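See below for the structure under consideration.
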């Protein structure tokens, strides 16, 4: 088996990543809030030796529309339940730096990491929705620059909190009566622009030291933040050329922060329609596309484009000039716009074709083919310097995850690029990431140690 190993996550999304998956006659839409449904999926992913499962999240309605399931349960709670019924699979949840407080988030993810024995990952987002902002007593979302400034301070505080107990702080010494060594538990005493937090965290250091830092987003602000902080990056690309350019850019940026680029895993999304033949896979894709409600997809597309497309007929070509201003990615709102603009420029689709293209996975790479063909795409991107692995985004759950784990994973294993057994028990070990030392482990003077009576 080769030294470099592919990473694979299952990105969980109720009935599937295709926006019309819930309308498929074999969908599990009635189980969208059944925890056993997600436990079963996680157990299948674990049996296939996948690195982790991932829940995205927005603290509000994902879309104000009746055309798609939008009532999603909070992900950390779901992952805690899944942790009790699994043993090795990583557990990654999204949480926003704009709408949490650092201490609260640090406790939640520390608890998940401790209870799961080291399998937690935090997908760090800043959230960009005015509608969500209005759920948190704000009239509008702060600017991208402001959100990322807050996010960096937030992450710095959370890191201090997760490190505030040194690894050997707990003594549990019955004879002396000391449960912990007060010299090894630290008040962080953070005073910043956005946060004032005394600490220490009311929990010992977790098995991974800290949950894995994951980041999603390809804006300029997002890339700088990711290069400085992230240990895994979820991203969207339609072509291997675009993916490789992003990969090279991020790896280069990590070096400017003095980081090892091998310790940043870049994981684009892939949404595979699978069949025994390519024709069968494409037939399934076309059928699910036929279930879409154009009004829903059009609303989503207009939200990305920032312009109205209501004047276009469904079978009319999308004018290239509508996206002429996308240019380089300048802020987080425009990163997905660039993906759409590239599709329009390259493929010149009709509006209907563009809506179908985005219906599958919101701009991520949708592939229809046999298990060998999908494995070939994964292998090409992995070995061609475009990805360290993938966020697998089945269009229909659980059927197309089963098709992936039963059909594609064995091929990747035969090729020697994906594990046949877990080598470790934590998400960090699955990703091949080091366990970080506490920032306080070599602290001098101990002036920040927690006082005891």
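The values are calculated or read from the model by the stated rules, or taken from the named source; none is laboratory data. All of these numbers come straight from a predicted model, not from anything done at the bench. Note that each Cβ is placed from the backbone with ideal geometry, even for glycine, and that neighbours are counted across all protein chains shown.
Of all residues in segment 175-193, those that are free of Cβ contacts under 8 Å to residues at least 60 places away in the same chain have Cβ atoms under 6 Å from Cβ atoms of residues that are assigned to a loop (DSSP other than H, G, I, E, B), 6 or more apart or on another chain, in 180/169; 181/169. Of the residues making up segment 157-171, one or more are assigned to a strand (DSSP E or B) and either at pLDDT below 95 or surrounded by fewer than 17 Cβ atoms within 10 Å (Cβ to Cβ) (or both).
One line per residue, one yes/no per condition, for (1) crowded, with 19+ Cβ neighbours inside 10 Å; (2) in contact with a helix residue (DSSP H, G or I) (Cβ under 8 Å, 6 or more places away or on another chain); (3) in a helix (DSSP H, G or I):
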site	(1), (2), (3)
176	no, no, no
183	no, no, yes
201	yes, yes, no
214	yes, no, no
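Considering only segment 379-446, give the helices (runs of 4 or more DSSP H) lying wholly within it that have at least 2 residues that are under 20 Å from residue 44 (Cα atoms) and touching a helix residue (DSSP H, G or I) at 6+ places or on another chain (Cβ under 6 Å).
409-414
Residue count for segment 133-173, restricted to those that are within 18 Å of residue 442 (Cα to Cα) and in contact (Cβ under 8 Å) with a residue 40 or more places away in the chain: 9. Within segment 282-300, the set of residues being modelled with pLDDT of 85 or more, in contact with a helix residue (DSSP H, G or I) (Cβ under 8 Å, 6 or more places away or on another chain) and in a helix (DSSP H, G or I) comprises 288, 289, 294, 297, 298. Restricting 226, 187, 245 to those that are assigned to a helix (DSSP H, G or I) and touching a strand residue (DSSP E or B) at 6+ places or on another chain (Cβ under 6 Å) reduces the list to 226.
If we keep just the residues of segment 358-378 that are part of a helix (DSSP H, G or I) and touching a residue at least 40 places away in the same chain (Cβ under 8 Å), which is nearest to residue 52 (Cα to Cα)? Checked segment 358-378; the qualifying residue nearest to residue 52 (Cα to Cα) is 378. Taken over segment 264-280, the residue count meeting the criterion of being in a strand (DSSP E or B) and touching a strand residue (DSSP E or B) at 6+ places or on another chain (Cβ under 6 Å) is 9. Check segment 296-316 and report whether any residue there is in contact with a strand residue (DSSP E or B) (Cβ under 9 Å, 6 or more places away or on another chain) and either surrounded by 18 or more Cβ atoms within 10 Å (Cβ to Cβ) or on the phi > 0 side of the Ramachandran plot (or both). No, that holds for no residue.
Hey, among 199, 222, 121, which residue is at pLDDT below 95 and within 18 Å of the chain's Cα centre (by Cα)?
Of the residues listed, the single one that is at pLDDT below 95 and within 18 Å of the chain's Cα centre (by Cα) is 222.
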